[in-house]
Amino acid sequence: MRMADLKVLSEQTAIAGIGLSRFGKFPGVSSMGFALEASKRAIEDAGITRDSIDGVLVLMSPLMGEQHGWASRVAAYLGVTPSFCSTMDMGGATPIGMIQTAAMLIHAGMCTTVLCTFGCQNSPKGVFPMLFGSEFAIPYGDIGAITFMAHVGRRQMHELGVTSEQYGAIAVAFRAHAAKNPDAQKREPITLEDHQRSPVIADPLRRLDCCLITDGGGACIVTSAERARDLRQPLVLVSGFGQMHSAEIIRPWDNGRGGGAEAAEAAYKMAGVGPKDIQVVQLYDGFTPLVMHELVAYGFCKAGEAGSFVADGNLLCEGALPANTAGGLLSEGHLSGFGHVAEAVRQIRGTSYCQVPGAEISMVTGYGGAPHEAPPTVAYTVAILRCG
Amino acid sequence: MFQLDKPMPGINEDSAPYWEGTRQGELRAQCCSDCGHLRFPPAIVCPKCLSENTTWRRLSGRGTVYSFIIVHRPQHPAFLDDVPYNVAIIELEEGLRMHTNIVDCSDEDLRIGMPVEAVFEKINDEVTLPKFRHAR
């Protein structure tokens, strides 16, 4: 992959506001409702006027079917008349992709202040879509992200010697963080025994290896570093970012580090830091094997050491690499990565419920795409935030 | 009792020769007529050279288990009666990988690297699904 030198974009923009809607089980609220609620909170958090927003990016869940002009409609409901508006979909990789896009729009002079938002209502519709590319997997009962990640887990166990208990250590650590987060969907602490007793969903994955299902939304406001300096919140600079798109995650170890490595390399290069400089990270944790994968792909540990790295407690708030300090998708709730962005910002502001003392460099990752395809196509995104 | 049908592949212009092959008891894959690249799943262009010139090649139907999982909580209600059931990814001799179920093998006996061969399960007049069994 060709990597552009993006230093020119480093620390030119900032995340000035964050907002999460109510989230959990809220069957009566629409996807639009969640997006509007989260957006309003982000606008208030940033202390900006609605009229200063001139760019709107919206993540649209594929659950919603065909919804033309979704981003424009979110803008319209907010009373915003943007000069640039786009609906984006890379699944859980989208929020960081939006922050990248916002940084480019601002750098190009097309926008000054960009709202990035999302809302999702998971109402079961009973109609199962035969998605493009799924016909060589679904007839065998291999359906969606869970079975896909179960295969990734099986290969990790085979190639790296990772155990189910080591996956459990990830779930236990993130739940311990969620226990301190009053907004988290799951707050009751769990033990390794709880993990091992939780029902098998798709062997080798147990229920506690899988993310939650969440109705809710999230948003953030991206503006120029210069403008952000004059706003209400402490300056949180967008220091580096990167993307990588892979159609072959089930061969993640071919290059020794795996799919997504280039996304982190681009972000590190742009921010002028390396994995050892990251003080706190929000890893996209749809399933525990994905966390294991990211630890290796993003350079936090060697392939053969990932299992013992997590089992030794390194992901805990007081560990060597505090991770998912709000609880992540596994315990806080699934906001397609907006919860991760919000927590990465809170760590720099010093306002996390699980604050890493003196955190000045905070990383956040995203991941998503089309796991139903065989082979699946997935996107990895990485952003590095820095205290201004 | 109400019975929900399992989702079946939608056969299109790209994949029709593949499903015609399975009906005749053979596995086929597209081979690029220009660069020789073998590809699966079917597509209108070669991902290596973007050529649209394609021939279909018969595959050996032999391979090894690359990955397997045992589904206990299926994501589609039509599979509820089958649990627990396996889904495997096979690495074919020709290097391609494909999803399948391993038949005539208990879940406890499944192993990565296990040699397997294709068998063909007729679902209806249109669809025959290739499945795999332990090659002894």
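Laboratory data are not the source of any read-out in this text; all were calculated from the coordinates shown. Computed from a predicted structure; not experimentally measured. Every residue, glycine among them, receives a Cβ derived from its backbone with ideal geometry; neighbour counts consider all protein chains shown.
Say the dipole of the protein assembly as shown comes from +1 at the beta carbon of Lys and Arg and -1 at that of Asp and Glu; which of A:S86, A:G17, A:V364 then lies farthest toward its positive end?
The residue sitting most towards the positive pole is A:G17.
More than 35 Å apart: what percent of Cα pairs in chain A qualify?
18 percent
Provide B:C31, B:C46, A:C116 in ascending order of the number of other Cβ atoms located within 10 Å of each residue's Cβ, fewest first.
Sorted ascending by nearby Cβ count, the order is B:C31, B:C46, A:C116.
Using Cα pairs under 8 angstrom and six or more residues apart, how large is the relative contact order of chain B, in percent?
The normalised contact order for chain B reaches 22 percent.
Which pairs in the list A:K269/B:K48; A:K7/A:K269; A:K276/A:K302 are over 19 Å apart, alpha-carbon to alpha-carbon?
Beyond 19 Å between Cα atoms: A:K269/B:K48.
Consider all pairwise Cα distances in the stretch B:13-59 and report the whole-number % of them above 15 Å.
34 percent
Assuming 1.306 mPa s and 10 °C, estimate D for the stretch B:60-136 with Stokes-Einstein, Rh taken as the Kirkwood radius over Cα pairs, in µm²/s.
123 µm²/s
Restricting to chain A, compute how many DSSP beta bridges are antiparallel as a %, nearest 5.
Taking every DSSP beta bridge within chain A, about 75 percent pair in antiparallel fashion.
What helices does chain A hold that run 20 Å or longer along their axis, going by alpha-carbon atoms, with a Kyte-Doolittle average of -0.5 or more, using DSSP H for the helix calls?
Those that pass (Cα extent of 20 Å or more, hydropathy at least -0.5) are A:31-46, A:144-160, A:164-178.
Kindly put A:K276, A:K302, B:K131 in sequence by how many other C-beta atoms sit within 10 Å of each C-beta, fewest to most.
Final ranking by Cβ density, sparse to dense: A:K276, A:K302, B:K131.
What number results when the radius of gyration of the stretch A:255-388, computed over Cα atoms, is divided by 2.2 N^0.38 Å?
So the Cα radius of gyration is 0.99 times the expected 2.2 N^0.38 Å.
Compute all pairwise cysteine Cβ distances in chain B, then list the cysteines with no distance under 4.7 Å to another cysteine.
B:C31, B:C105 - these cysteines have no disulfide-compatible partner (Cβ-Cβ under 4.7 Å) in chain B.
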